[in-house]
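*Asks:* I am attaching a structure below and will ask some questions about it afterwards.
FYI, it's all coordinate maths here, none of it is from the lab. Here the structure is a predicted model, which means the values were calculated and not measured. So basically every Cβ, Gly included, is an ideal-geometry build from the backbone, and we count neighbours across all protein chains shown.
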């Protein structure tokens, strides 16, 4: 049985990137503080308590996304301190190394709660990059990178994420993982697992009855459409209270990059200029 590599809390962004590049995934123990996690969990609980299951329409979608799983987007609007995680220096340092060389400017792709409840079955193993056609056109380029902070302990019994280390390097993209190749991202609350966009993974089976809460923060190349529509989860009034970097990651900025051999943009016009003008208090 294989395993997901664990790194200590003191690990640098370059330490994290090295393991992701080699194995496709890595766990960093105690990535966020107990105080931050407690504050976040208290803030998000109201939204979880009022959650109403979505009807995803197709049986395949229902099976994939879960009959006994709570899924919430727009965390920056549901928990004030989520922005601290989104702007974490090491987290962004990882994305600087893995995504920025292919786009110059990357974006927040998804902010999500995935809370697996008792009775949920294992999710089909998949790669997150497959939702963009570019995954098939540019097989050697990572389109997004996912991270999940453990809001609760991740255990074998409560649905710890399944990960297939090394699958991002497989020559056959249609290959099925053998049971012996599937690891479980077992980790304590406050730890984080990074999963590259081309690494096979999926939620686990929850046989414990204890909810397993993941706090998802994924980033995507800046010239791709984000999976989450941040503008419908937020308002200009909220955005004015955030740091400039947070607004840029959420798309309240003009994308353009003409360095490092990239010729891309401009994308995201507001009146043929940057949306940042909306936050210029001197204007």
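*Asks:* Can you tell me the relative contact order of the chain? Whole percent, Cα pairs under 8 Å, sequence separation 6 or more.
*Replies:* On the way: 561 pairs, mean separation 73.2, N = 283.
Answer for the chain is 26 percent.
*Asks:* Could you tell me the center-to-center distance, by alpha carbons, between region 245-262 and region 115-157 in angstrom?
*Replies:* If you average the Cα positions of each part, the centres end up 25 Å apart.
*Asks:* Tell me, in nm to one decimal, what length is gained between residue 264 and residue 3 on full extension, where the rule is 0.36 nm per residue of separation less the Cα-Cα distance? If you can, show how the numbers build up before the last one.
*Replies:* Numbers: separation 261, 0.36 × 261 = 93.96 nm, distance 3.90 nm.
90.1 nm is the gain from fully extending residue 264 to residue 3.
*Asks:* If you don't mind, there's one more thing I want to ask. Can you tell me the alpha carbon radius of gyration of region 208-277 divided by the globular rule-of-thumb value 2.2 N^0.38 Å?
*Replies:* Numbers: Rg = 15.6 Å, N = 70, 2.2 N^0.38 = 11.1 Å.
Relative to the 2.2 N^0.38 Å estimate, region 208-277 comes out at 1.41.
*Asks:* Rank by packing, highest mean first: peptides 56-69, 32-45, 216-229, with packing defined as the count of other Cβ atoms within 10 Å averaged across residues.
*Replies:* On the way: 56-69: 13.3, 32-45: 15.8, 216-229: 20.6.
In decreasing order of mean packing, 56-69, 32-45, 216-229 become 216-229, 32-45, 56-69.
*Asks:* Mean projection of the alpha-carbon convex hull of the chain over all orientations, in nm²? Kindly include the intermediate steps, with their values, before the conclusion.
*Replies:* On the way: hull surface 62.7 nm².
For the chain, averaging the hull's shadow over all directions gives 15.7 nm².
*Asks:* Under a crude label model (7 Å from the Cα following the beta-carbon direction), how far is residue 89 from residue 61 in nanometres?
*Replies:* Each label point is offset 7 Å from its Cα along the Cβ direction, giving 4.2 nm.
*Asks:* Relative to the first principal axis of the alpha-carbon coordinates of the chain, what is the inclination of helix 13-23, with its axis defined by its Cα atoms, in degrees from 0 to 90 and to the nearest 10?
*Replies:* 50
*Asks:* Next question, about the same structure. Sort the following peptides by mean Cβ neighbour count (other Cβ atoms within 10 Å, averaged over residues), highest first: 250-259, 168-177, 20-29.
*Replies:* Result, highest mean first: 20-29, 250-259, 168-177.
*Asks:* Per-residue ellipticity at 222 nm for the chain, helices alone: DSSP H runs ≥ 4 residues times -39500 (n - 2.57), over residue total, nearest 500 deg cm²/dmol? Intermediate results must be reported in sequence, preceding the final value.
*Replies:* Working: 10 runs with 71 residues, N = 283.
Computed mean residue ellipticity for the chain: -6500 deg cm²/dmol.
*Asks:* Rounded to the nearest 5, what is the percent of antiparallel bridges among the DSSP beta bridges in region 6-229?
*Replies:* On the way: 38 of 40 bridges.
Beta bridges within region 6-229, antiparallel portion: roughly 95 percent.
*Asks:* Using only alpha carbon positions, build the gyration tensor of region 77-120, then give the equivalent ellipsoid semi-axes as the square roots of 5 times its eigenvalues, largest first, whole angstrom.
*Replies:* Calculated on Cα positions only, the semi-axes equal 26, 15, 10 Å.
*Asks:* Something else about it: What angle, in degrees between 0 and 90 and rounded to the nearest 10, separates the Cα long axis of helix 34-49 from the longest principal axis of the Cα atoms of the chain?
*Replies:* 90
*Asks:* Kindly provide the Kirkwood hydrodynamic radius of region 41-118 in Å, to one decimal, from all pairs of distinct alpha carbon atoms. Mind dumping the intermediate values first?
*Replies:* On the way: mean 1/r = 0.0680 Å⁻¹.
For region 41-118, inverting the mean 1/r across all distinct Cα pairs yields 14.7 Å.
*Asks:* In terms of the Cα gyration tensor, with a ≥ b ≥ c the square roots of its eigenvalues, is region 1-144 rounded because a/c is under 1.5, prolate because a/b exceeds b/c, or oblate?
*Replies:* Values: a/c = 1.57, a/b = 1.16, b/c = 1.35.
Oblate.
*Asks:* Sorted from largest to smallest, which semi-axis lengths in Å does the alpha carbon gyration tensor of region 75-162 give for its equivalent ellipsoid, taking the root of 5 times each eigenvalue?
*Replies:* Details: eigenvalues 127, 81, 25 Å².
They are 25, 20, 11 Å, listed largest first.
*Asks:* Is the shape of region 126-283 best called rounded, prolate or oblate, per the rule: a/c under 1.5 gives rounded, else a/b larger than b/c gives prolate, else oblate, with a ≥ b ≥ c the square roots of the Cα gyration tensor eigenvalues? Walk me through the intermediate numbers first.
*Replies:* Working: a/c = 3.25, a/b = 1.55, b/c = 2.10.
Verdict is oblate for region 126-283.
*Asks:* When the chain is treated as a GNM, springs tying every alpha-carbon pair under 10 Å, which of 260, 88, 128 comes out with the largest mean-square fluctuation?
*Replies:* Per the Cα network of the chain with a 10 Å cutoff, 260 tops the list.
*Asks:* Where a ≥ b ≥ c are the square roots of the eigenvalues of the C-alpha gyration tensor, would you call region 132-195 rounded, which needs a/c under 1.5, or, failing that, prolate if a/b is larger than b/c, or oblate?
*Replies:* Since a/c reaches 1.5 but b/c is at least a/b, the shape of region 132-195 is classed as oblate.
*Asks:* Could you check the simple spin-label distance between residue 43 and residue 276, using points 7 Å along Cα→Cβ, in nm with one decimal?
*Replies:* Roughly 2.5 nm, to one decimal.
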